[in-house]
Every structure is written in C-alpha cells, then in structure tokens.
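Beneath this line is the structure, given in structure tokens, with notes to follow.
The values are calculated or read from the model by the stated rules, or taken from the named source; none is laboratory data. Everything quoted here is computed from the prediction, not taken from an experiment. Note that we place each Cβ from the backbone using ideal geometry, even for glycine, and neighbour counts take in every protein chain shown.
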Amino acid sequence: MIRFQRTLKKQIHCKGIGLHTGLPVQMTLKPAPAGTGVVFVRTDLGGAEISASAANTAATSFATTLCRNNASVKTVEHLLAALSGLNIDNVTIELDGEEVPIMDGSARPFVRLIADAGIQPLEALQPVLKVIKPVFVREGNKQLAIWPAEATSISYFIDFNHPLLKEQSLQYQPSEEAFLREVSDARTFGFMSDVKALQANGLAKGASLDNAVALGEDSVLNKDGLRYRDEFVRHKILDLIGDLSLLGMPVIGHIVAHKSGHGLNAQMVGKLLSTPQSWMLLGSTGNTEVAETKQQFRHAQL
Ligand SMILES: [Zn+2]
C-alpha cells in the first residue's frame with residue numbers, strides 16, 4: 001500500500017484552449033523533487049505559484065478553480081486526475097494563461113503526454129491517508145461518503161432527469177491499468193439546453209463537440225457517439241479522482257458517491273482535513289511496511 005513518490009522523467013509541453021475562457025494557453029509539465037506536490041506556475045503573472053491543495057480551492061461551479069494571492073487557475077480536475085491516476089506526486093505545471101487546456105475533454109491527452117515523458121521514482125515515501133471512521137457529506141440529493149476499507153474503491157451512481165443519464169453506476173478499483181482502461185478516456189458532458197445560459201454567464205466559451213459530449217433532448221449530438229456506453233458516470237469518477245487529489249495524498253477507503261460534483265468533492269476534502277480522528281496517516285518512517293517498500297524500491301532500481 002505504501003509506495004515511493006514519483007515524478008516525470010523529463011518535461012512535456014502541450015497547447016490548447018480553456019473550456020470556460022475559450023482562450024489559447026500553453027502548458028509545460030516539469031519534473032519536481034520529492035515533497036513538492038503538484039504546483040501550478042502562472043508564467044504570465046511573473047511566476048505566481050498556486051499549489052494544488054485544499055487551502056487554495058476557490059470555486060467549484062462547473063469546474064474546480066484554485067487561487068492564491070489573486071493568481072488563479074481554472075479547470076484543473078482532468079489534469080489532476082491524470083496525475084493522481086498514474087501516481088505522479090510531484091510536478092510543476094507552467095501555464096501562460098488562467099485555465100488548463102481542455103484538450104479533448106478527457107484525461108487521455110494528459111496520459112499520453114505523461115507516457116511520453118516517462119515516470120521517475122524518487123527515494124521518499126508517499127504518505128497515504130487511511131480512513132478509519134466513515135466520513136459523509138451531502139448537499140440536497142447529492143451524497144458522498146468514504147468508508148473504512150483495506151483497499152481503495154469507488155462506487156459511483158448517477159441518476160439525472162435525462163433519458164441517457166438515468167441510473168448509471170460503476171464500481172472502480174484504482175490501479176494505473178484501470179485508470180487507463182476505464183476512466184481516462186471519458187469526456188466532460190453538458191446539455192445543449194444549458195449552453196446559452198452558461199455562455200451568457202461567461203462560461204463554456206471554448207466548449208465544442210471536439211472537447212465535450214453534447215446532449216440533446218434524447219440523444220448525443222457528437223457524430224462519433226460515445227467512447228463508453230456509460231461514459232457519463234466514468235467522467236464523474238474522473239472528476240472525483242482529480243478533486244480528491246487536492247488532499248495532497250492518496251486516500252484508502254471505500255468511496256461511495258451519488259451524483260456528487262466538484263462542490264461536494266471539495267466539501268469531502270475539507271471534512272477529512274477537519275476531522276483527523278476519522279483517519280490515520282500511513283507512510284511514516286520506522287514501520288515494517290516502510291522497510292519492505294524500501295527493499296522493493298532498491299530491487300526495482302537494479
Ligand atoms: Zn470533468
């Protein structure tokens with residue numbers, strides 16, 4: 001369960017547009033030493049740094065926004081999900097604009113970039129937060145709970161008032177392979193009926209059929225249809241993985257979500273941090289698990 005921290009082997013670069021701003025943005029991911037975590041750097045604002053942490057979570061409507069000292073970065077969740085899904089703990093992310101590029105609306109392009117860079121293990125342990133008492137948050141008819149368990153799993157259920165979004169559910173057991181196969185390709189989605197209202201509020205200016213699944217009254221409007229039959233619930237799991245990574249360390253527990261979104265995901269991170277009696281930290285030096293992991297690490301380096 002305990003493993004060593006990881007970063008990228010070399011820096012990687014991509015460009016795209018922001019889903020909400022519609023503006024072009026360039027992004028460079030750079031290797032970072034153990035203990036750095038995930039840190040965004042706004043190169044257009046004199047190198048202002050915004051670490052991916054609960055303390056910097058500023059807004060959660062339609063996307064997760066981080067903010068520190070008036071510098072912000074929007075729509076971080078799919079990139080954070082790719083990093084978390086592939087167990088990349090330390091990276092510096094340079095952006096010359098205020099929003100992570102949406103790419104194709106999924107985590108697939110980020111996964112490919114990370115695969116191109118390669119992954120570098122670091123000789124420092126990654127602490128893990130193990131839930132030992134149930135933690136629960138709710139908001140109207142949305143619920144999110146984490147139950148104590150020996151391994152992490154996610155049970156997600158959605159039930160929206162739309163013919164294509166009725167009762168989708170999925171059980172997900174995280175691993176790098178499962179992330180690649182089961183959730184990384186799932187795209188963000190939206191209702192055509194909402195697009196005008198979103199754009200009137202300055203949102204979704206960059207949205208198109210190239211970066212989102214668009215839902216009409218009873219059909220998908222994208223010419224090539226869906227990537228998975230249940231792409232919607234898979235994308236919700238992707239968002240949850242990205243949002244929960246703002247804890248700064250992996251969680252061990254059985255995560256049960258019903259219609260959760262960015263707001264409730266952020267509430268769960270806040271609740272965990274404010275109830276330390278509900279979890280224990282693994283990965284402190286001196287226990288046998290650590291000794292075994294160190295041995296495995298050295299063996300893997302030979
Ligand atoms: Zn999303």
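Key figures
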quantity: Close pairs (6 angstrom Cβ cut-off, 6 or more residues apart or separate chains): on the phi < 0 side of the Ramachandran plot in region 171-199, within 16 Å of the ligand (Cβ to nearest atom) and β-branched (V, I, T) anywhere; calculated: Y172/I154; Y172/I237; V183/I237; S184/V111; R187/V213; F189/V213
quantity: Subset tally (residues that are surrounded by fewer than 20 Cβ atoms within 10 Å (Cβ to Cβ) and either farther than 14 Å from L180 by Cβ or without any contact (Cβ under 8 Å) to a residue 40 or more places away in the chain (or both)) for region 99-112; calculated: 2
quantity: Selection from region 56-71 of residues that are assigned to a helix (DSSP H, G or I) and either surrounded by fewer than 17 Cβ atoms within 10 Å (Cβ to Cβ) or in the same structural domain as L264 (by TED's automatic domain parsing) (or both); calculated: none
quantity: Matching residues, region 143-185, being touching a Ser or Thr at 6+ places or on another chain (Cβ under 6 Å), within 16 Å of the ligand (Cβ to nearest atom) and closer than 12 Å to L238 by Cβ; calculated: D185
quantity: Total residues in region 225-281, condition within 16 Å of the ligand (Cβ to nearest atom), within 15 Å of P148 (Cα to Cα) and among the polar types (S, T, N, Q); calculated: 0
quantity: Some residue of region 181-202 being touching a Lys or Arg at 6+ places or on another chain (Cβ under 9 Å) and among the aromatic types (F, W, Y); calculated: no
quantity: Some residue of region 180-187 being within 21 Å of V128 (Cα to Cα) and of a type in the set (V, I, T); calculated: no
quantity: Enumeration of residues in region 57-87 that are in contact (Cβ under 8 Å) with a residue 60 or more places away in the chain and away from the ligand (no atom under 16 Å from the Cβ); calculated: L86, N87
quantity: Scope region 37-53; condition surrounded by fewer than 17 Cβ atoms within 10 Å (Cβ to Cβ) and touching a residue at least 24 places away in the same chain (Cβ under 8 Å); matching residues; calculated: T43, D44
